[in-house]
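A short worksheet on the structure shown next.
The values are calculated or read from the model by the stated rules, or taken from the named source; none is laboratory data. As the structure is a prediction and not an experimental result, all values here were calculated from the model. Counting neighbours? That spans all protein chains shown, and the Cβs are built from the backbone with ideal geometry, glycine included. The area values use the complete protein model at the heavy-atom level, side chains included, leaving out ligands, DNA and RNA. Shrake-Rupley method; radii C 1.70, N 1.55, O 1.52, S 1.80 Å.
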Amino acid sequence: MLTRSRNDEGTIAVLDVGKTNVKLNAVTADGAVLETLTIANPVLPGPPWRHHDLGAIGEWVFSGLAQLARRHPFSTFVACGHGSGGVLVGDDPEQGDGAALPMIDYEQAPPEVIRAGYAPLAGSFFDRGSATMHAATHQARQLYWMQEREPHAFSRARWYLGLPQYWAWRLSGVAASEASLLGAQSHLWNVAQRRFAPIVDARGWGRLMPAFADAWQDLGPVRAELARRCGLPQELRVLAGAHDSSLNHYRYHAAGLRDFTVISTGTWIVGFCGQTPLESLDEERGMTLNSDVFGKPLGGVLTMGGRAFSHVAGEDPPDAPVPEQIVRRLIAGGTMAMPSFGDDSGLFPRSAGQGYIAGRKPETPMERKALAVVYCALLTAECVDALGAGPLVVLDGSFLRDPVYARLVAALLPGRQVKFSLDAYGVASGAALLAGQGTRSEPAPLFLADPADIAPLSAAIADYAARWRATARRRTEPVLQ
């Protein structure tokens, strides 16, 4: 039975499931992270495909919760996770790890017969929410692979659950669907029309989809047997949970921001804006249609900035921040990193694997790192321009470790107000703030900083950026036959 979430006094346990690492956080009700436990997210080789070790992660999650509960007065548990993860489960969360089939590692490429068979079923852009991306990125493609490869086990499955909802089910025993997770390029949910994509009916998957719950919905207490066995608080309430990047966006919404664009940086540069017109979304440029935690459309853009940074910066870049004078020297000399360096074309169609360095090559590790920062600032500005609407741009994530990054982005966006957050726990904070969604009477606390003086960089980079953009776009325009 679903009940309204309660914002009782106490601490929120937040499980953050990433592709590489899993974090378990103790977070205050206003979003301050008190303690974090971390473990690598293990992947097993198969058969039947490369898959995540849900059994090992489950043991760690339950023991970690018990450990943290001895130090923090937990009232609520909420999980968040990336949009390429889902688990096909049976009826009983006590039966092993609950999975009817192993959870596919989305970075594993499916067999060619699966890729070819899935393509004509994927639907329109709004049905998918994105272009069809690499490997097994999309949950619908994973379901198709499972159904084709293991039809008997598939037929006996009870539910298909996004990652956050899988962990909520493991704890509470209640299955739920949730809009922001399904709206994260799952290819299962049409965000604009708030309906399942045609592939769901065509493949008979509707029976696997539980009723929808809001991200902040209270699914009930932790299962009594699990609480007794693992030493968990018996009154711990379990929320439905949500998509990680959508929760990072929600964090700023909960702080009272409305007309804004948020750019989060890490392995991916992820941009979201709730005011982007749907007709301006271009799947050929890495643009997406996501959902916020309220089920409303979020214009999105994705490009693998972190991977690009590593390609340009090289192995073992210096830990020290990039000096401004090196950045200005590279700009003055016309040294440019041109897209794209990884398997993802991002904002520049047909550029995957075509990246190169134009002009004088960087000669030192710090020059390579400086060029990587400049390149990622240019990608960030392209993301903001693609999303269009919103005078306020908020930056967060790992690129901000170099102060010159925020200054470069601000210099590249003279018509926008650029601010940044140095909080490294935006997803966990946003997840914890869900517990107060129904009762919050004032904006959640948030500190945003302004980039330092950008005038010297603004004077240097305008012409450079125009030449970079013109070259990048000219290289990626389709060739007319």
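In segment 1-136 the Cα-Cα distances spread across 10 Å bins starting at 0 as 10, 32, 31, 20, 7, 0 percent of all pairs. Solvent-accessible area of segment 69-136 (1.4 angstrom probe, protein heavy atoms only): carbon and sulfur portion equals 55 percent. DSSP bridge analysis restricted to the chain gives an antiparallel fraction near 70%, rounded to the nearest 5. The length gained by stretching the chain between ALA202 and ILE39 to full extension, at 0.36 nm per residue less their Cα-Cα distance, is 54.8 nm.
Toward the positive end of the charge dipole of the chain, with +1 on the Cβ of Lys and Arg and -1 on the Cβ of Asp and Glu, the farthest Cα among TRP468, SER186, SER458 is that of TRP468. The value obtained for segment 400-481, namely the Cα convex hull volume divided by the number of residues, is 183 Å³ per residue.
Across the alpha-carbon atoms of the chain, the computed radius of gyration and Dmax are 22.4, 69 angstrom.
Ranking request for peptides 114-124, 130-140: highest mean number of other beta-carbon atoms within 10 Å first, then the rest in descending order. Could you put the intermediate results ahead of the total?
Numbers: 114-124: 14.9, 130-140: 20.6.
Taking the mean over residues of other Cβ atoms within 10 Å, the ranking is 130-140, 114-124.
Please say if segment 411-456 is rounded, prolate or oblate, where rounded means a/c under 1.5 for a ≥ b ≥ c the square roots of the C-alpha gyration tensor eigenvalues, and otherwise the choice is prolate for a/b larger than b/c and oblate otherwise? Judged from the Cα gyration tensor, segment 411-456 comes out prolate (a/c at least 1.5, a/b above b/c).
Could you state the accessible area per residue of the chain in Å², with a 1.4 Å probe and every protein chain left in place?
Working: 18820 Å² over 481 residues.
Per-residue value: 39 Å².
Taking the 1.4 Å solvent-accessible surface of segment 177-242 as the whole, the part contributed by carbon and sulfur is 49%. Highest average first, the peptides 14-26, 437-449 ordered by how many other beta carbon atoms sit within 10 Å of their residues are 14-26, 437-449.
Of the residues GLY397, GLY204, SER245, the one whose Cα sits farthest toward the positive end of the charge dipole of the chain, with +1 on the Cβ of Lys and Arg and -1 on the Cβ of Asp and Glu, is GLY204. Cross-link partners for LYS419 among the aspartates and glutamates, with Cα-Cα distance under 14 Å and sequence neighbours closer than 8 places in the same chain left out: ASP259, ASP396, ASP450, ASP453.
Which of rounded, prolate, oblate describes segment 83-205, given a ≥ b ≥ c as roots of the alpha-carbon gyration tensor eigenvalues and a/c under 1.5 marking rounded, otherwise prolate only if a/b is larger than b/c? Show your work: numbers first, answer last.
Working: a/c = 1.77, a/b = 1.29, b/c = 1.37.
It comes out oblate by the Cα gyration axes.
Rounded to the nearest 20, the Cβ-based charge dipole of segment 112-257 about its Cα centre (Lys and Arg +1, Asp and Glu -1) stands at 240 debye.
For a test of the definition: using alpha carbon positions, the gyration tensor, and the 1.5 limit on a/c, classify segment 311-393 as rounded, prolate or oblate. Here segment 311-393 falls in the oblate category.
Highest mean packing first, where packing is the average number of other Cβ atoms within 10 Å per residue, the peptides 464-471, 409-416, 100-107, 171-178 line up as 171-178, 100-107, 409-416, 464-471. Leaving out ligands, DNA and RNA, and with a 1.4 Å probe, what % of the accessible surface on segment 329-408 is carbon or sulfur? Roughly 53 percent, rounded to a whole number.
Across the options THR38, GLY83, ALA377, the greatest Cα extent toward the positive end of the charge dipole of the chain (unit charges at beta carbon of Lys, Arg, Asp, Glu) belongs to ALA377.
In nm, what is the difference between 0.36 nm times the number of residues separating GLU442 and ARG474 and their Cα-Cα distance?
Working: separation 32, 0.36 × 32 = 11.52 nm, distance 4.86 nm.
Roughly 6.7 nm would be gained on extension.
Scanning the chain for helices, which whole DSSP H stretches are 27 Å or more long along the axis (Cα) and average -0.5 or more by Kyte-Doolittle? Provide the component values of the computation, followed by the final result.
Values: long enough: 365-387 (33 Å, 0.92); 455-476 (32 Å, -0.42).
Helices passing the filter in the chain: 365-387, 455-476.
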